[in-house]
Amino acid sequence: MAVVNLGCPKNVVDGERMAGLLVRAGFRATNDPRRAEAVIVNTCGFIEDAKRESIEAILQAGELKRKACRVLVVGGCLAQRYCSDLSGEMPEVDAFIGVSEIGRIAEVVRDALEGNGSRERRYVAKPEASLAFLPRRLSTPVHTAYLKIGDGCDNRCAYCTIPQIRGRMRSAPMEDLIAESKDLAKQGAKELTLVSQDSARYGEDLYGRNRITELLQGLSEISGITWLRLLYLHPAHVAETLLETVADSPKVCKYVDLPIQHISDRILSAMNRKVTGKEIRTLIKNIRTRISGAALRTTLIVGLPGETEKEFEELLEFVEETRFDRLGVFRYSREAGTKAARMLGQVEDDVKSERLERLMETQRQISQSLLKKKIGRKLKVIVDSVSPKGNAIGRSEAEALDIDGVIHLQGAAKRGDFVSARIQSSDDHDLYGETVRPEG
């Protein structure tokens, strides 16, 4: 069997759990779908571009059924959201499985392989189940793993389909996360990246109070774990205690992923972001004051219905002033069932594309300038891969796996090791250097 993962790190964890459950049930795993009897496409359905990518992946897997593949299962967000439509349009798919049903993946695949046509083809239930500690077959290099600390979201942003797909916010029990992390450390994980839809609110639903700092403290005590990295911190929910933990803990990366989406007060209100432009500016100032050398990453959305050129210019000027270390931009995607889909003043696609390009060109210049300042410095780097010629690729605290740029290295290095690297040059997004010595 082979699992094809698409979408965000949160979805990747679901795919790893499905693969882990299948291996535990006796299936043999391969990373090459062309060699698999059963292919599971773990889809993303968040925005239009992601939906198109997922449909293409399903169709490609469908082509394999004419060759070696016997069973095709579609899971993930697209299956959860559009199961009824897809099951009528894609007879080549043997089963659809929703985000809360992945614990049944072995049963679903086995039934399909046995040709049990009497069974239900659709396994999609209300997205309310909590799946905290299931076996996983990592799709990342073994030294780095995602830790999914929760699922679902209560924020109800006007443009977002996550509550429809993933349901309400649900935190994984802390004891399960500690146990899972210890297991990952035994497998060789040295870096854990904490993910959920709203990581800054971890524990509020389960314990009646925020416990993200306690979780970080507990994870910091696990032998073998060197780096802890936080993703998806909603700016309305970042507490001072969290900033203190990031600043003071030697294991927590000085890396803050703060998806602000916009800076205009009117647009933020229309998005239902529950934060003002002034509050965002104050938070960023506090982050940079409290956390020395913090790498600051954000994501933005352009083209929300009604966004004027003046409001976009305000956002562009804010990016120029703030100088984020890393920045991603999305074109607003009109999604059925969201409040924004019913708003007047839908922005033309070519206008959204032009605004995205202007923002990304501005960020390209900022990134180029910030990276140049690192030339001559020595950085602690985790090595993600080494080529047959001995050239390595790694990351410092300032780069998240598969999201940000990388550091290209020359000199002795082993995959999974920490090394000290001297930076020699840079380009728009990446750094280049040589290893100086292994890190302890």
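The table below lists the values:
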| item | result |
| --- | --- |
| Residue count, the range 275-309 (criterion: under 30 Å from Arg342 (Cα atoms), without any contact (Cβ under 8 Å) to a residue 60 or more places away in the chain and not charged (D, E, K, R)) | 12 |
| Residue list for the range 84-100, filter: buried (at least 17 other Cβ atoms within 10 Å of the Cβ) and over 17 Å from Cys44 (Cβ atoms) | Ser87, Asp94, Ala95 |
| Residue list for the range 311-327, restricted to those being part of a helix (DSSP H, G or I) and of a type in the set (Asp, Glu) | Glu311, Glu313, Glu314, Glu317, Glu320, Glu321 |
| Flag for Arg66 being surrounded by fewer than 16 Cβ atoms within 10 Å (Cβ to Cβ), free of Cβ contacts under 8 Å to residues at least 12 places away in the same chain and in the same structural domain as Pro91 (by TED's automatic domain parsing) | yes |
| Leading residue by the ranking (surrounded by the most Cβ atoms within 10 Å (Cβ to Cβ)) among those in the range 246-262 that are touching an Asp or Glu at 6+ places or on another chain (Cβ under 6 Å) and assigned to a loop (DSSP other than H, G, I, E, B) | Cys253 |
| Residue ranges of strands (runs of 3 or more DSSP E) in the range 51-167 with at least 1 members not hydrophobic (A, V, I, L, M, F, W, C) | 71-75, 144-148 |
| The range 328-354 - residue that is assigned to a helix (DSSP H, G or I) and either outside the structural domain of Tyr255 (by TED's automatic domain parsing) or surrounded by 15 or more Cβ atoms within 10 Å (Cβ to Cβ) (or both) and, of those, farthest from the chain's Cα centre (by Cα) | Val351 |
| Residues that are at pLDDT below 80 and either more than 16 Å from Ala79 (Cβ to Cβ) or not hydrophobic (A, V, I, L, M, F, W, C) (or both), drawn from the range 124-153 | Lys126, Pro127, Glu128, Ser130, Ala132, Phe133 |
| Qualifying position, being in a strand (DSSP E or B) and under 30 Å from Leu233 (Cα atoms), among Val4, Val39 | Val4 |
| Test: residue in the range 311-327 that is over 28 Å from Glu397 (Cα atoms), touching a residue at least 60 places away in the same chain (Cβ under 8 Å) and in the same structural domain as Pro259 (by TED's automatic domain parsing) | no |
| Matching residues in the range 185-200 - criterion: being in contact (Cβ under 8 Å) with a residue 40 or more places away in the chain and part of a helix (DSSP H, G or I) | Ala185, Gln187, Ser199, Ala200 |
| Test: residue in the range 256-267 that is touching a residue at least 60 places away in the same chain (Cβ under 8 Å), farther than 20 Å from Arg156 by Cα and under 25 Å from the mean Cα position of the chain (by Cα) | no |
| Members of the range 419-428 found to be buried (at least 19 other Cβ atoms within 10 Å of the Cβ) and closer than 21 Å to Glu191 by Cα, listed by number | Val419, Ala421 |
| Pick from the range 146-185, criterion small (Gly, Ala, Ser) and in contact with a Gly (Cβ under 9 Å, 6 or more places away or on another chain), ranking: farthest from Gln80 (Cα to Cα) | Ala185 |
| Within the range 376-400, considering residues that are buried (at least 19 other Cβ atoms within 10 Å of the Cβ) and either in contact with a helix residue (DSSP H, G or I) (Cβ under 7 Å, 6 or more places away or on another chain) or of a type in the set (A, V, I, L, M, F, W, C) (or both), the one nearest to Ala295 (Cα to Cα) | Ala398 |
| Residue check for Glu357: buried (at least 19 other Cβ atoms within 10 Å of the Cβ) and either of a type in the set (A, V, I, L, M) or modelled with pLDDT of 95 or more (or both) | no |
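The values are calculated or read from the model by the stated rules, or taken from the named source; none is laboratory data. It should be emphasised that the depicted structure is a prediction, and the values quoted were computed from it without experimental measurement. Every residue, glycine as well, gets a Cβ built from its backbone with ideal geometry; the counts of neighbours run over all protein chains shown.
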